[in-house]
1. What is the Cα convex hull volume of the range 135-209 when expressed per residue in Å³?
2. Local charge sum around residue 305 (other residues, Cβ-Cβ under 10 Å, Lys/Arg +1, Asp/Glu -1)?
3. Quick one: length gained pulling residue 301 to residue 26 fully straight, 0.36 nm per residue minus the C-alpha distance?
4. Spin-label point model (7 Å from Cα, Cβ direction): what's the residue 359 to residue 155 distance in nm?
5. When a/c reaches 1.5 or more, the comparison of a/b and b/c decides; with that in mind, is the range 284-351 rounded, prolate or oblate per its Cα gyration tensor?
6. How would you order 40-49, 254-263, 21-30 from highest to lowest mean count of nearby Cβ atoms within 10 Å?
7. Could you compute the FRET efficiency for residue 271 and residue 130, with r as their C-beta to C-beta distance and R0 at 35 Å, rounded to 0.05?
8. Which residues does a label at residue 352 reach in the range 322-337, if reach means a backbone N under 16 Å from a point 7 Å past the Cα toward the Cβ?
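Values in this text are rule-based calculations from the coordinates and carry no lab data. Predicted model only: the values in this text are computed from it and were never measured. All Cβ positions, glycine included, derive from the backbone under ideal geometry; neighbour counts span all protein chains shown.
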Amino acid sequence: MTTSADFDRLVPAIYEAASAPDGWADVLSGIAKSLGADSAMIGLVPADCMWNGEIWGANLDRASIANFLSPGSVDNSVFVRALQLLPIGHSVDLRMNGLAAVQADPGAQQLLLPQDLTQGQFAPVLRNGNAISGLAILNEGRRGPLDPIAVAMLDAMLPRLSHAMAIHMRLARLRGTVKTLSDSLQRLTVGVLIVTGTLRLCFANAEAERILAMADGMCLRAGHISFSDIATHSALRISLAGLASFRAGDAPACLFVSRPSGAPSYTLVMAPAGAVATSGGRRAAATLFVTDPVGPSALPVPEILADGLGLTATEAEVARLAAMGRGMTFVAESLGVSLNTARTHLKAVYGKTGVHHQAALARIIADRFPPVRGLNGRDDAKRST
């Protein structure tokens, strides 16, 4: 006989499955066993776009599916359709035709109405905000109502199931947002690192990983950011400690990280980043923005510079190299022209951009073009060796 203890034992697993969906198979197995049923499935769908949902199942076999699909069940609902697609013991993504499918699907509309467990094999459908969850209990070769005691227990469990499914939906959306933000950060040619107050690394985008891998002034050691210059390391730790009193409008701390190779220093700017979850709990975090003035993706390709600044192709090449701090001898050799010709091109660039020296040229280019990966298609660092 089903008892409340049977369901109580499932409660922790239900909420764990909200964040780890692979756990739904075990939860559903436990529910089916407690009810004396062969198999079970559970689904979560948005009320306004029911086909944009997810379904999980456990212990599903072809015979019970065929029996459930026979006349007398909730025909053509998203759950019944899912049974036709559902791999045994796995989840299925229902993303198909969106709202139009719901509006044209009588079964989907019927699913919006409360179902009665005492009259079939479908649990009541519950709403939690914009989320709708439902539970199907399947028995091979048998139909009809569940045991009244089992119905009462399951009815008491459904709000928790619905709540857990709504949590899952919210977490899925948050994961999607985090992935979108992460993908966006990967496109930047500015290094972005999120660290704790002890400089433990929590996140690094592609440019930050490139800088750390070079180990030229800063690197990653045992999961922590380390600097070759002890004074820089100490100054950063002190600045991180002061972020607790950082107020909106305060100027962010800025450090210049010297490089043993002799290359121009990295510029490092830090800002508070709330708190991050670590193995030791939630800890205050900071975001470090690092720029490499001679990085391979520091400036746009000449074609983009030419379009944006009204330069010729050659002038754009000269502007790009000059803005990277290259001397005119290097520029002339790179273009295969004389030093005087290179200087003439640079003078033309100055005239068109309204600046008078390389630092100002670098600033106007930095202001005009966002630091997005892909604007530069070549590695000029290789050409300087």
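1. Per residue, the Cα convex hull of the range 135-209 comes to 170 Å³.
2. Here the count lands on -2.
3. Full extension of this stretch gives 93.6 nm more.
4. In this crude spin-label approximation the distance works out to 7.9 nm.
5. prolate
6. Highest-to-lowest ranking by the protection proxy: 40-49, 21-30, 254-263.
7. Efficiency at R0 = 35 Å is approximately 0.50.
8. Inside the label zone: 322-323.
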